[in-house]
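Okay, structure first, notes after.
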Amino acid sequence: MTTLKNMRRSIVLATATAALLAASGCGGNSDVAPSGGVSPAASAPTTKAASAPARPRTVTSACQLLPADVVVTILGSSKGTTLEAKEQPPQDEDARRYNCVYGAQGQELLSLVTTTYPDRADTVAETIDAIAKSSQATTTRIDGVGADAVVYTSDDVRVLAFAMPYEKELRVSVLTGPSIIPQTKYTELARQVASRL
């Protein structure tokens, strides 16, 4: 699925650019709550905290954030359907990027790219704004996914990007896949990832 591979490369560049733009325009005061989002110090109610997965202090894998069996469950499948998750080698630049590709029978279905940016927890809204702007597509903000999120479709590929602050770190995740999969399914997948970020 060449379109998905090309889109994933474009998203990685857009996300990196967005984070750099957001960092250059902000003061970097991590004590301030991210605009449009949840304060990193805010805690969930005790009843939900007991059932929610623990947020890792350090992200080390995109595939661990969204296991293949969870993708199969959310997307729905016939009995015996399997999906393979392949972790790509992590990349270091100004940030650490993790990429998991989900597929079956040699075909890529979905991709999850998660990037961690140190000392940028206060740039949530600015980063999502920059991703939306760089998409050059009609975008829609989504509530209830991370601290801020945006979704759009381009060349039959759906893209859902969201950001989560964790202490002083900004964690940005981008799901890409075919637009034939309903947006509601991407939203469910993104919520699974966000609960682990």
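The values are calculated or read from the model by the stated rules, or taken from the named source; none is laboratory data. Here the structure is a predicted model, which is why all the values come from computation and not from measurement. All Cβ positions, glycine included, derive from the backbone under ideal geometry; neighbour counts span all protein chains shown. Quick note on the areas: whole protein, heavy atoms, side chains included, nothing else; ligands and nucleic acids left out. Shrake-Rupley method; radii C 1.70, N 1.55, O 1.52, S 1.80 Å.
Residues checked against (1) open to solvent by less than 10 Å² (accessible area, probe 1.4 Å); (2) out of contact with any Gly (no Cβ under 9 Å at 6 or more places or on another chain); (3) modelled with pLDDT of 95 or more:
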| position | (1), (2), (3) |
| --- | --- |
| Leu110 | yes, no, no |
| Pro118 | no, yes, no |
| Ser134 | no, yes, no |
| Asp155 | no, yes, no |
| Val159 | yes, no, yes |
| Ala163 | yes, no, yes |
| Tyr166 | no, yes, no |
| Ser173 | yes, no, yes |
| Glu188 | no, yes, yes |
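Given the structure, is Pro34 more than 18 Å from Gln192 (Cα to Cα), at pLDDT below 90 and assigned to a strand (DSSP E or B)?
When the stated conditions are applied, Pro34 does not pass them.
Identify all residues within segment 123-144 that are outside any loop (DSSP other than H, G, I, E, B) and hydrophobic (A, V, I, L, M, F, W, C); write none if there are none.
Val124, Ala125, Ile128, Ala130, Ile131, Ala132
Filtering segment 132-160 down to residues that are free of Cβ contacts under 8 Å to residues at least 60 places away in the same chain and among the hydrophobic types (A, V, I, L, M, F, W, C), which residue is nearest to Tyr186 (Cα to Cα)?
Leu160
Need pairs with beta-carbon distance below 7 Å; first residue within 23 Å of Thr123 (Cβ to Cβ) and within segment 170-194, second assigned to a helix (DSSP H, G or I) and of a type in the set (Ser, Thr, Tyr); sequence gap 6+ or separate chains.
Matching pairs, first to second residue: Leu170/Thr123; Leu170/Thr127; Val172/Thr15; Val172/Thr127; Val174/Thr15; Leu175/Tyr186.
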